[in-house]
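The values are calculated or read from the model by the stated rules, or taken from the named source; none is laboratory data. Everything quoted here is computed from the prediction, not taken from an experiment. Cβ sites come from the backbone with ideal geometry, for glycine too, and all protein chains shown count toward neighbours.
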Amino acid sequence: MAMLRDRGGNFGMMTALIAPLLLAVGGVSVDVANMLMTKNQLQDATDAAALAAASALVSDARPDIEEAKAIARKFLKTQMAATSSADVPGEAVGTMAAAGSTAPSWDDVNTSEVVIVETPNGTKGKSFQVSVANKHLLQFNAMTRLLGKESIELETRSTADSATESKNAISMYLVLDRSGSMAWKTDTVDTSRPRCINWTASNWGESNVRATSPCYVDKITTLKSAVDKLFTPLAKMDPGNEYLRAGAASYNDRQDRASKLTWGTKNASAHVQGLDATGGTDSSSAFAAAVEELLLDGENEAHLAKNGQTPEKYIVFMTDGENTSYNGKTSPRDLEKADSVTKAACTAAKNNGIAIFTVAFMAPQRGKDLLKACATSPDHYKEADDAAALVSEFEKIGQKAAAMIARLTK
């Protein structure tokens, strides 16, 4: 009985019982920290591998799928080697295939861990989705093993997307004023000629007008230069004439024969370069013709057959004046009619998804009001008060349209 009541040695016994648990708890703390750090390092390796492969697929080198997978595996190997040589608490970090090794080898990363899915991006572009999975077996330290757990599997996954360049299809139609006032001079000197007849509002149509110096560039010549600037970035963006179709309609008090929408800018540009300035102004039929051309079923079908897309559609509408007749009639009611028919065609275009850019070139207020009403938005309406401004505004429209053709994601 005395022996049972003796409490001597209890501290030693309790210590013997609790010490392994305390050691295990300490080991778990170390391993949890190790797990978090290692998980982050593995995620970095996986991210780097996915991004490296995705970037390579759209680079100038353009590796094939297997070569891109090799690039991903190389990044995994490099990053894992750096991880294994770092000052990591606990014991070695290995892969599932080599749990006891201290430095993962190239073969530790299986090609099945890198998956690349390729899909079309437009008719010629390609999109890539690179998925990388990285699994490692983290060995616990001796103290944690007292709890009966030897290791834990860590897994990280990353996905990266990239795409080669594709292009959007565009159909663009120009509606251009070539009335008599387009023969009038601007404020820009024509340095190529010492003298010329400088037509103005005050001498237009007179028979005894003489050449004077300096010679000024007239409005119609400025328009031709502006259209060149409009088409230059478009032609550069589509050198193969596969994505852009363009046409043109000009008008004075009657509509000229419209240029059909054709591939590239050549035919529309030739139509514009052949314009001369005569007559009054009636935009109604020319604008309606532009809308009709763009909405023909055959226009969409032409793009679908060549580039597989439904095109974005644009009208560029320019005048330097105001409507002075409607179907050859010049009464005030007819002038209102010309404006209202033009506006109705503008509304029909916008309702069918056609974007309308308008430029008022040294135009009176009524002409400006018509163009403001026609434009898709206030940002689509511009005023050009001199030759340089007209060329600049047309160039900006060309750059915007060219930016719509280009479609690049990486």
What tally of residues in segment 37-64 results from selecting those that are exposed (fewer than 15 other Cβ atoms within 10 Å of the Cβ) and within 14 Å of T164 (Cα to Cα)?
6
N323: assigned to a loop (DSSP other than H, G, I, E, B) and assigned by TED's automatic domain parsing to the domain that holds A345, yes or no?
yes
Quick check, is G308 modelled with pLDDT under 95 and in the same structural domain as T188 (by TED's automatic domain parsing)?
yes
Result of the Cβ filter at 8 Å on segment 247-273, keeping first residues that are more than 11 Å from A286 (Cα to Cα) and partners that are in a strand (DSSP E or B) and of a type in the set (K, R), at least 6 apart or interchain, is G247/K260; L261/R245; T262/R245; W263/R245; G264/R245; N267/K260
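Using the structure shown, decide if G247 is at pLDDT 95 or above, under 25 Å from the mean Cα position of the chain (by Cα) and either assigned to a helix (DSSP H, G or I) or crowded, with 18+ Cβ neighbours inside 10 Å (or both).
On the way: at pLDDT 95 or above: yes; under 25 Å from the mean Cα position of the chain (by Cα): yes; either assigned to a helix (DSSP H, G or I) or crowded, with 18+ Cβ neighbours inside 10 Å (or both): yes.
Answer is yes for this residue.
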How many of the residues making up segment 376-410 are free of Cβ contacts under 8 Å to residues at least 24 places away in the same chain and assigned to a loop (DSSP other than H, G, I, E, B)?
2
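Look at V341 and say whether it is closer than 15 Å to V291 by Cβ, assigned to a strand (DSSP E or B) and not acidic (D, E). Lay out the reasoning, then the answer.
On the way: closer than 15 Å to V291 by Cβ: yes; assigned to a strand (DSSP E or B): no; not acidic (D, E): yes.
No, not satisfied.
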Test result for A384, in contact with a helix residue (DSSP H, G or I) (Cβ under 8 Å, 6 or more places away or on another chain) and within 26 Å of E292 (Cα to Cα):
no
